[in-house]
1. Could you please let me know if Q181 is modelled with pLDDT of 95 or more, surrounded by fewer than 24 Cβ atoms within 10 Å (Cβ to Cβ) and assigned to a helix (DSSP H, G or I)?
2. Please list, ordered by first then second residue, the pairs with beta carbon atoms under 6 Å, 6 or more apart or interchain, first in the range 13-25 and closer than 12 Å to Q463 by Cα and of a type outside the set (D, E, K, R), second outside any strand (DSSP E or B) and more than 9 Å from the ligand (Cβ to nearest atom).
3. Do the conditions hold for E411, that is, is it of a type in the set (D, E) and farther than 30 Å from A697 by Cβ?
4. Going residue by residue through the range 484-496, is there one that turns out to be in contact with a strand residue (DSSP E or B) (Cβ under 9 Å, 6 or more places away or on another chain), crowded, with 24+ Cβ neighbours inside 10 Å and on the phi < 0 side of the Ramachandran plot?
5. Can you tell me which residues in the range 8-23 are within 13 Å of S447 (Cβ to Cβ) and more than 13 Å from the ligand (Cβ to nearest atom)?
6. Checking K89 against (1) in the same structural domain as G124 (by TED's automatic domain parsing); (2) in contact (Cβ under 8 Å) with a residue 24 or more places away in the chain, which single condition isn't satisfied?
7. For the range 660-676, how many residues meet the condition of being among the polar types (S, T, N, Q) and in a helix (DSSP H, G or I)?
8. Counting only residues that are in contact with a His (Cβ under 9 Å, 6 or more places away or on another chain) and in a strand (DSSP E or B), which one in the range 433-451 is nearest to V24 (Cα to Cα)?
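The values are calculated or read from the model by the stated rules, or taken from the named source; none is laboratory data. Since the model is a prediction, treat every value here as computed from it, not as a measurement. Note that each Cβ is placed from the backbone with ideal geometry, even for glycine, and that neighbours are counted across all protein chains shown.
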Amino acid sequence: MNKTAVKLKQTTCPYCGVGCGIDVKVDGQALTQVTGSSEHPANYGRLCVKGSSVLETNDVSGRLLQPMIGDSQVSWDEAINHVASGFNKVIEEFGPQAVAFYVSGQLLTEDYYVANKLMKGYIGSANIDTNSRLCMSSAVAGYKRAFGSDTVPCNYEDLEDTDLLVLTGSNAAWTHPVLFQRMERAKLLNPDMKVVVIDPRQSATTELADLHIAIKPGSDVALFNGLLNYLHQHDCIDQNYVNSFTEGFETALANSQQWTIERVAEYCDLPLEQVTTYYQWFAKSPTAITFYCMGVNQSSQGTDKCNAIINCHLATGKVGKKGSGPFSITGQPNAMGGREVGGLANMLAAHMDIGNPQHREYVQTFWRSPRIPEQVGSKAVDMFAKVKSGEIKAIWIMATNPVVSLPNGNEVAQALKDCPLVVVSDCNENTDTSEWANVRLPATGWSEKNGTVTNSERRISRQRGIMPPSGQAKHDWQIICDVAKAMGFASGFKFGHPAEIFDEHARLSGYENNGSRDFDITGLAGLSEAEYDKLRPIQWPVNRENPNGCARMFENGRFYTKSGKAQFITTEAKAPVQQTCKDYPFVCNSGRVRDQWHTMTRTGKAAKLTAHVSEAFVAIHPADAEKLNLVDGQIAQLTSKFGRALLRVQLDAGQRKGDVFVPMHWNKQFASQANINRLFAPVVDPISGQPELKHAAVAIEAYQAD
Ligand code: SF4
């Protein structure tokens, strides 16, 4: 009997920032089974339901399989030349600021690297930004202000080795399930470990909490400033750490002293005992992790919220220690990789800054590129505003669906409709965004892509190409290099394999003034294709000092600021921008459900995943519903100053009165009226540019069909 050999391939999950390793059984041409990689340090064999269902979303249905200009199938040559000449024409006529790339945390690091190189080094604009702007840019800005670098100090083992775990702005049980499983197990093994969850609503995560603090939405800075004040009042400051390794403590403390426990309780609308208990636990715990995600970051003062958290850790020396630290978690599988290569409008490659002339000169010289921008580019929300105003006339959107995920989605769609040149490269045939594309380019999907991703604990892992590309799909890095060459930039884009791009990325990280930067992976430069293929998960930095990577940063108390000391940042509590009023009396908070990912373009294909929550909904407190004459299961209309959504009413006593919760996933294919980001204002944090997607003012009423 002729039997094909069954092989096992190791890769990574395409969904969240936990970055779990996946073993895929390959039987001939078929992928037959996935299991968690027992050796991968992110998950040690575990997978959540999204990861374990990845094969159900991996077929060719709904895939874009050939290049399209308008409704016509074209050859790759035609498509590439059309895109290149279109971009060149706009640049010649209106300059490099008139074009933009909007990229994605779904791209692999190698894809990101060449996109950033083309825009910044060759086109000469910094108009490249990423949908990761929507999930973690406030955390980046917070780390940079405090540490002088975008450095996550902790690792996943710290979550299991702590006395106090504070989860704030995170429903990890649903959004980062494998990490949550690790937290559950840690608490089971150590019943003395305390868990505090700070979240306006009850969630699957609050079930693990010893203390749930149902904070008034947007009042977080006051809570953390109050903690700093409490620590000082109760003689719990680690004065030796503060004196030796930090600056700015006295000013931050003076600013916090107005925040007595009583005032915090009133401002944050909390019982006094809850605030007191949290503060006592933080003060007394030898170690503490504050684990934060989009509930903190997606705010008009997201950066200040992050720094208010970091201040409390610095004040108690709970940084750079086992089981301690301010731990920002990324939403997307490669949000961290995008940060590394400078895929943000305000960064250069390898964590270097556009605003630093030496960094600009180094990167341009290394690339031998004709130019480098001196000014930062347009961040995500601003970028689409410029498309709308006509300032940007050509945009290339890669592997993302901004019409659903950006705030003020109606305006984003209108902007793309009116834009002279919209290019979308995606593995999906039809998305809410590609509907407005002049050119659609078929990109490879998860099981076909080959490169690296970096997870939330700085761990670089291989995502391995298991299947050949479907149809005529090409890898994103190939498409970008082909367009670059057709634009006349052949010399910088002669890559034949992602290992060559990774090598250049690793070498670039070896800036000689490297002592002033955290990101250094020169220890991974020069890998052959075979070595690159075998690369095992490793945490950066990887260099002469850390040949096997580095699990925890700042253990020596040295930071990447000019003085080498961490900075306390003075933060003021401010209300969210969109306030409720007579016409829009409810606060609308957005988030995720357990079994869907982003805008459902992939997870929406798996029956097993859609079975968990089959429809978009609005969760509302029963008392509020009663006042509005709404009953469970009926359709409600939510309106804001910016748009409208129709959602099924779900009575939920875990909601605060006056607040509602809506999931963000549903796209036009599944429920055309359930795109909830249309309700949100295009309001951003002034430092990070991250939009305020946790706070809209809305009106709710029973929906009457016309
Ligand atoms: Fe994938 Fe995240 Fe689930 Fe891990 S926790 S399997 S990375 S979705």
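1. Yes: the conditions hold for Q181.
2. If the second residue must be outside any strand (DSSP E or B) and more than 9 Å from the ligand (Cβ to nearest atom), the pairs left are P14/W446; G21/S37; G21/H40; V24/I466.
3. no
4. For the range 484-496, residues in contact with a strand residue (DSSP E or B) (Cβ under 9 Å, 6 or more places away or on another chain), crowded, with 24+ Cβ neighbours inside 10 Å and on the phi < 0 side of the Ramachandran plot: absent.
5. Residues satisfying the conditions are K9, Q10.
6. Going through the list (1) in the same structural domain as G124 (by TED's automatic domain parsing); (2) in contact (Cβ under 8 Å) with a residue 24 or more places away in the chain, K89 breaks only (2).
7. Residues flagged as among the polar types (S, T, N, Q) and in a helix (DSSP H, G or I) within the range 660-676 amount to 1.
8. Here the residue is G451.
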